Structures are given as C-alpha cells and as structure tokens.
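Asks: Got a structure for you, written out below as structure tokens; questions coming shortly.
The values are calculated or read from the model by the stated rules, or taken from the named source; none is laboratory data. This one's a predicted model, so the numbers in the text were calculated from it and none came from an experiment. In this analysis, Cβ positions are derived from the backbone assuming ideal geometry, glycine residues included, and neighbour counts consider all displayed protein chains. The area values use the complete protein model at the heavy-atom level, side chains included, leaving out ligands, DNA and RNA. Shrake-Rupley method; radii C 1.70, N 1.55, O 1.52, S 1.80 Å.
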Amino acid sequence: MTTNVLGYAAKSATEDLAPYRFTRREPRADDVAIEILYCGVCHSDLHTARNDWGGTEYPVVPGHEIIGRVVSVGAEVTRFKLGDHVGVGCMVDSCQHCAACGDGLEQYCQESPVFTYNSKDRHDQMPTFGGYSENIVASEKFVLSIPDGLDLKGAAPLLCAGITTWSPLRHWQVGEGSRVAVVGLGGLGHMALKLAKGLGANVTLFTRSPGKDEDARRLGADNIVISTDDAQMEAVKGEFDLIIDTVPTEHDLNPYLPTLALDGTLVLVGFLGNLMPTLNTVPLIMGRKSVAGSLIGGIAETQEMLDFCGEQGITSDVEVINIQNINEAYGRMLKSDVKYRFVIDMASLKD
C-alpha cells in the first residue's frame, strides 16, 4: 500500500470536487490498511465541502461510509486478516480514556473524536482524508467487520445513515410493541423505517408529500401520516413513544409534539443549528415529553447494528455512481433526487 493516494477533493467552498493526490500516514502497529471498494455519499460530505457549517480546512477529501478490503495489518492487529471485508465510519480515533469513551460512546469523546475527514490525527497532527479515495489507514479499534453475505454496496450507508438512526432506536429501547414515527423519507429516514421495523416496532412515516405510500410501506412503514393534514395529525395525538426526526433543514417541531405519548421523545438526528419557530412547551410539560438529539453512534453499537443487519438482510437502497459524477450527485442531493443514497464505486477512480 502506497502512502501517495489518489482521491477527489474540494479545494475551496466554491470549487467542484476534482482529482487530488495526497499523503496517507504510514501504518502503525495497531493499524489496518484498507483498499476502498465503495463509499457512500452523505449530506455531511456536501456540507463540509461547501463549508456550510464553518471550519472546513481545504483541501478536504470527504467520505465516511467506507467499505473496503483489508490489504495489510500491523503487528498488533488481532481482529482482522488480509482479504476481510471491513468498514470505516465517521470516526477513526478518540481519546479512549474519558467517561464517554469508557462507555463505548466515542462519538461524544470529551476531547473530541478524530473524524474520518477534516480532522487531525491525535498522534502526528496530520490531516485526515476520507473515503473518496483509493485506500485508507485506520486503527483496528475503529474498523468494523462486515457480515458475510451483506451486499457491500448497500452496506456502505449503514456506516452513517444506519448507525445515526440505530443509536436512538437502541437508546430509547425500541422493540416489539414500540410505536415509532419517522419524520422525512431520505437517506436517514428510509434506514430508520427499516431498522425500527426490524426491531419489531409499529412504524409510521410523517411526510409532507402525498404519494409516498407505496415506497414507505415497502421500506417498513405500517402507517403514513401527511403532517400538513390537521385531521390526520389529530388522529395520531398521543400515539408515539419515539419520533426520529431526520429532516436536514430548519423546520417547525411544534406540530409533532402533541403526537408523542406520555414520556415520549422526539429525537433530532438530521439538523444542526437553531430551530425556528421556538418550541411551545405546553405539550412537553403536560405529558413529560422530551426533545432530544443524537449523534451517529459508538463503535460497539455500530458493530451491533451491522450484525443485526446481517441477520435481517437489511441494507440501504442505493444508486451506484462513478466518482467522476460526484458533483452532479451533490446537485441532485440538494433536490432530494435520489432513492435513497448515492454510493461511489471506487473502482471508477482508476479511470
């Protein structure tokens, strides 16, 4: 494995992604070196490339839904061997000694996790570069096993879209008989439907757009509620134990709060920032309801999710693209013109 790597990078907030050569660090004793086969395309990739959240350091090579093949392992690596199919998600390191890391919640590391791209290596301060590239090197602790038989293309988005919705489902103990609603039917939303249904919940999709019934039911929804229809919203008042809100843009939460059951929770997984209008606290106080947030998931629960998906045969619905079409894909993502996740076939990088 060479340290001189070809990938696709954004060199500024206003430039298209283009071919870019960069240097990976030399593998350490606990490292796994991975040839990248597929990489999912996440909204976070686009936001970072365009500096929508601030803090992007250019050039940036996005990509944190990585599926690959092990090509070498360090002397201390025990869990992986050459040829294994593995994944790398949103993180490649953390402090490993704070309370969050001790609980297996590396995404909440008190010293900040090292993200797969647009971050700094804790040991040598080299920039991290993501999965829109030929290969990647990562610590064994942050490499995931892909179950045999799981479609590799469809498994890629599990590393972000999957775990982002799995983590709250597990934290709020969703299981047989749980009543779960999902707001939004995109990359995150369609995974939330599949995973909640797989866990045995009765699942409802909230959508503003009529005409999604057939697709939603195929993905696992038992019911569809048009959130702009007052009569339909009234009919599900006090219904849901958990609402997973996957909408990535600013929107009004108030219509959903009365649909929560006593002690119910609405958890935000798609939007970062200030919400307007402000929350009406009456439904919260009168029903001991909560509005919460959740960020991706820890490494242990990500492996748990992958193993569950292997047992259930759950993967993401994907459209496979060549890396040369990534800028077009970003444009289509902004128009919600994908069902439901783009995945890059990294073999196209050789072209």
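Asks: Take peptides 16-25, 33-42 and line them up by average Cβ neighbours within 10 Å, highest first, as a rough protection proxy.
Replies: Working: 16-25: 15.0, 33-42: 24.7.
The peptides rank, most packed first, as 33-42, 16-25.
Asks: Calculate the FRET efficiency for Ile285 and His171 from the Cβ-Cβ distance with a Förster distance of 25 Å, rounded to the nearest 0.05.
Replies: Details: r = 23 Å, r/R0 = 0.91.
Computed FRET efficiency for Ile285 and His171: 0.65.
Asks: How much of the accessible area of segment 162-293, in percent, comes from carbon and sulfur atoms when a 1.4 Å probe is used?
Replies: Details: 2960 of 5890 Å².
Reported share for carbon and sulfur atoms: 50 percent.
Asks: With +1 on each Lys and Arg Cβ and -1 on each Asp and Glu Cβ, and nothing else charged, work out how big the dipole of segment 162-293 is about its Cα centre, in Debye to the nearest 20. Intermediate values should be presented prior to the final figure.
Replies: Details: 11 positive and 14 negative charges, 68 e Å.
The dipole magnitude comes to about 320 debye.
Asks: Enumerate the calculated ³J(HN,Hα) couplings along segment 298-310 in order (Karplus 6.51 cos²θ - 1.76 cosθ + 1.60, θ = phi - 60°), each rounded to whole Hz, writing x wherever the residue is Gly or Pro.
Replies: In residue order, the calculated couplings are x, 5, 5, 6, 5, 5, 4, 5, 4, 5, 4, 5, x Hz.
Asks: Next question, about the same structure. Rounded to the nearest 20 Debye, what is the dipole magnitude of the chain about its Cα centre when Lys and Arg each give +1 and Asp and Glu each give -1 at the C-beta?
Replies: Values: 29 positive and 46 negative charges, 36 e Å.
Here the chain has a charge dipole of around 180 debye.
Asks: So if we plug the beta-carbon distance of Lys212 and Ala18 into 1/(1 + (r/R0)^6) with R0 = 41 Å, what FRET efficiency do we get, rounded to 0.05? Write down the numbers at each step before the final one.
Replies: Values: r = 36 Å, r/R0 = 0.87.
E(calc), rounded to 0.05, equals 0.70.
Asks: Roughly how far apart, in whole Å, are the Cα centres of segment 36-91 and segment 140-199?
Replies: 18
Asks: Ranking request for peptides 202-212, 83-93: highest mean number of other beta-carbon atoms within 10 Å first, then the rest in descending order.
Replies: By packing density, highest mean first, the sequence is 83-93, 202-212.
Asks: On the protein heavy atoms, probe 1.4 angstrom, tell me the percent of accessible surface of segment 1-107 carried by carbon and sulfur. Don't skip to the end; give the middle numbers.
Replies: Numbers: 2200 of 4580 Å².
The C+S portion of the solvent-accessible surface of segment 1-107 is 48 percent.
Asks: Along Cα→Cβ, 7 Å out, is where each label goes; now give me the distance between the ones at Asn274 and Ser72 in nm to one decimal.
Replies: According to this spin-label approximation, the distance is 5.1 nm.
Asks: Give, in nm to one decimal, the length gained when the segment between Glu319 and Asp30 is fully stretched (0.36 nm per residue of separation minus the Cα-Cα distance).
Replies: Numbers: separation 289, 0.36 × 289 = 104.04 nm, distance 3.42 nm.
Using 0.36 nm per residue and subtracting the Cα-Cα distance, I get 100.6 nm.
Asks: Then there's this: Helix-derived [θ] at 222 nm for the chain: sum -39500 (n - 2.57) over DSSP H runs of at least 4, divide by residue count, nearest 500?
Replies: Details: 10 runs with 80 residues, N = 351.
Dividing the helical sum by the residues of the chain leaves -6000 deg cm²/dmol.
Asks: Report ³J(HN,Hα) in whole Hz for each residue of segment 203-209, in order, from the Karplus equation J = 6.51 cos²θ - 1.76 cosθ + 1.60 where θ = phi - 60°; Gly and Pro get x.
Replies: Computed from phi, the couplings for segment 203-209 are 10, 10, 9, 8, 9, 8, 10 Hz.
Asks: As a test of reading the structure, rank Arg69, Arg217 by solvent-accessible area (1.4 Å probe, protein chains only), most first. If you can, show how the numbers build up before the last one.
Replies: Details: Arg69 80, Arg217 120 Å².
Listed by decreasing accessible area, they come as Arg217, Arg69.
Asks: Right, another one. So for the pair Ser336, Glu234, with labels modelled 7 Å out along Cα→Cβ, what separation do we get in nm?
Replies: 2.6
Asks: Give me the distance in nm between label points sitting 7 Å out from Cα along the Cα-to-Cβ direction at Ser348 and Arg50, one decimal.
Replies: Taking the simple label geometry, Ser348 and Arg50 are separated by 2.0 nm.
Asks: Across segment 26-37, in residue order, what do the Karplus-derived ³J(HN,Hα) couplings come to in whole Hz, using 6.51 cos²θ - 1.76 cosθ + 1.60 with θ = phi - 60° and x for Gly and Pro?
Replies: Whole-Hz 3J(HN,Hα) from phi for segment 26-37: 5, x, 9, 5, 9, 8, 10, 9, 10, 7, 7, 9.
Asks: Express the accessible area of the chain per residue in Å², computed with a 1.4 Å probe while the remaining protein chains stay in the model.
Replies: Details: 15090 Å² over 351 residues.
With the other protein chains kept in place, the chain gives 43 Å² per residue.
Asks: Also: Checking the table Lys11/Lys141; Lys153/Lys335; Lys197/Lys289; Lys194/Lys335; Lys11/Lys350; Lys11/Lys120 against a 25 Å threshold on Cα-Cα, which pairs fail?
Replies: Details: Lys11/Lys141 31 Å; Lys153/Lys335 23 Å; Lys197/Lys289 23 Å; Lys194/Lys335 23 Å; Lys11/Lys350 21 Å; Lys11/Lys120 17 Å.
In this structure, Lys11/Lys141 exceed 25 Å between Cα atoms.
Asks: Same structure again: Taking the alpha-carbon centroid of each part, what is the distance from segment 284-350 to segment 201-216 in angstrom?
Replies: The two parts, judged by their Cα centres, are 18 Å apart.
Asks: Could you size up the charge dipole of segment 55-183 around its Cα centre, putting +1 on the beta carbon of Lys and Arg and -1 on that of Asp and Glu, and report it in debye to the nearest 20? Could you put the intermediate results ahead of the total?
Replies: Details: 9 positive and 15 negative charges, 50 e Å.
Using only the charged Cβ atoms, the result is roughly 240 debye.
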